[in-house]
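Here is the structure we will look at.
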Amino acid sequence: MFNLPKLAATALVATAVMLTSANAQTVLRSSDTHPDGYPTVEAVKHFGELLSEKTDGRYSVEVFHSAQLGEEKDTIEQTQFGVIDMNRISIGAFGTQVPEATVTQLPYIFRSADHFHNVLDGPIGEEILAAFEKVDVVALAFYDGGARSFYNSEKPINTPADMAGMKMRVMQSDIFVDMVAAFGGNATPMPYGEVYSGIQTGVIDGAENNYPSYDTAGHAEVAKYYSLDEHLMVPEVLVISKIVWDGLTPEDQALFREAAKESVAKQRELWAAKEVESKAAVEALGAVINTVDKQPFIDAMKPVYDKYVTDPALQDLVARIQATEG
Ligand code: GTR
């Protein structure tokens, strides 16, 4: 009869000892909207392994994939409040909260994957990462997110005029809404997890994303026309809650940064392979892929630049990005 409380008390003491001991382990929860196996999910797992090695097992990471912790916008708020420790998200999901990061959501700001890497791997990338502290997260590294193009259930898009009247899902970011409007379409902001049923039920005609998302979220099943206008290359970013960050020693903060930077090479390798694999997968499913003359699409984006790049500091940032080689 007395055994049960005694056992419970012993367990409590054991837990307390574990928590106060120098070998205490902290498992950080990290969110991702993508399914297990997706390049970003695997990269954050790899980051966790590197971190664990560097901290002799004091820190490790558990990745909650497939939006188990919620849709991106909600998980950002939870990360800001310290409810979720870490997050791998698209910069697009931050909307226009961080002006320096918003420039990466300007259509056609990046000319190629090389240009994207040259910008983000250098001082401009560091400047953009540092800007996230204003919104209570610490950004550790950028991952690849490829080029985003429009897809829909109706017809191939060859010119911006083909988008007239089409309802296109976008991320919940004003700049995405203005972009679709400038192309002549009707933007419908909605969470990623609602896109499949949105297209299936005809609430929207289509959306825009890279090949791996188009493939793994099943969108190719319901929207078979994929038009390669490649209007955006939005970086993925790995962030940690500022509340969690401020509780780390400067030495551990340096190890977190190191592990994050080291995980980038792995993500890029996985990403490059996944783009090829996903393109083949959607083609096998019957996706109709067309190329477009990009110039009219580029020209149509002037109002978006005029609206979002008014501040002289941002004009300078955009000019420096454009002047970067690649
Ligand atoms: C993907 C990105 C996700 C999510 C999604 C979306 O490319 O990796 O993080 O932002 O796009 O469109 O919502």
Failed condition for VAL282, given (1) more than 16 Å from the ligand (Cβ to nearest atom); (2) touching a residue at least 24 places away in the same chain (Cβ under 8 Å); (3) not assigned by TED's automatic domain parsing to the domain that holds SER60: (1)
Matching residues in the stretch 59-80 - criterion: being in contact (Cβ under 8 Å) with a residue 60 or more places away in the chain and either in contact with a Pro (Cβ under 8 Å, 6 or more places away or on another chain) or of a type outside the set (Phe, Trp, Tyr) (or both): ALA67, GLU71, GLU72, LYS73, ILE76, THR79, GLN80
Those residues of the stretch 167-181 which are more than 9 Å from the ligand (Cβ to nearest atom), in contact with a helix residue (DSSP H, G or I) (Cβ under 9 Å, 6 or more places away or on another chain) and either among the aliphatic types (A, V, I, L, M) or not assigned by TED's automatic domain parsing to the domain that holds TYR308 (or both), in sequence order: MET168, ILE175, MET179, VAL180, ALA181
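Yes/no per residue for (1) hydrophobic (A, V, I, L, M, F, W, C); (2) closer than 23 Å to GLY48 by Cβ:
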residue	(1), (2)
THR96	no, no
ILE109	yes, no
ALA113	yes, no
HIS117	no, no
GLY122	no, no
LYS134	no, no
ASP144	no, yes
LYS155	no, no
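Pick from ALA260, ALA254, ALA220: which is within 16 Å of the ligand (Cβ to nearest atom) and either modelled with pLDDT of 95 or more or farther than 14 Å from VAL137 by Cβ (or both)?
ALA220
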Failed item in (1) away from the ligand (no atom under 13 Å from the Cβ); (2) outside the structural domain of THR26 (by TED's automatic domain parsing), with GLY247 passing the rest: (2)
Test result for ALA164, surrounded by fewer than 18 Cβ atoms within 10 Å (Cβ to Cβ), on the phi < 0 side of the Ramachandran plot, small (Gly, Ala, Ser) and free of Cβ contacts under 8 Å to residues at least 40 places away in the same chain: yes
Filter result (assigned to a helix (DSSP H, G or I) and under 20 Å from GLU72 (Cα atoms)) within the stretch 129-179: LEU129, ALA131, PHE132, GLU133, LYS134, VAL135, ASP174, ILE175, PHE176, VAL177
Check on GLU208, closer than 22 Å to GLY286 by Cβ, within 13 Å of the ligand (Cβ to nearest atom) and among the acidic types (Asp, Glu): yes
Pairs with Cβ under 7 Å, 6+ apart, first in the stretch 87-104 and on the phi < 0 side of the Ramachandran plot and of a type in the set (A, V, I, L, M, F, W, C), second more than 13 Å from the ligand (Cβ to nearest atom) and not in a helix (DSSP H, G or I): VAL103/ILE109
Residue list for the stretch 182-204, restricted to those being over 18 Å from MET301 (Cα atoms), of a type in the set (Gly, Ala, Ser) and within 13 Å of the ligand (Cβ to nearest atom): GLY193, GLY198
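The values are calculated or read from the model by the stated rules, or taken from the named source; none is laboratory data. Since we're looking at a predicted model, the values are computed, not measured. With ideal geometry, Cβ positions are generated from the backbone for all residues, glycine too; neighbour counts draw on all protein chains shown.
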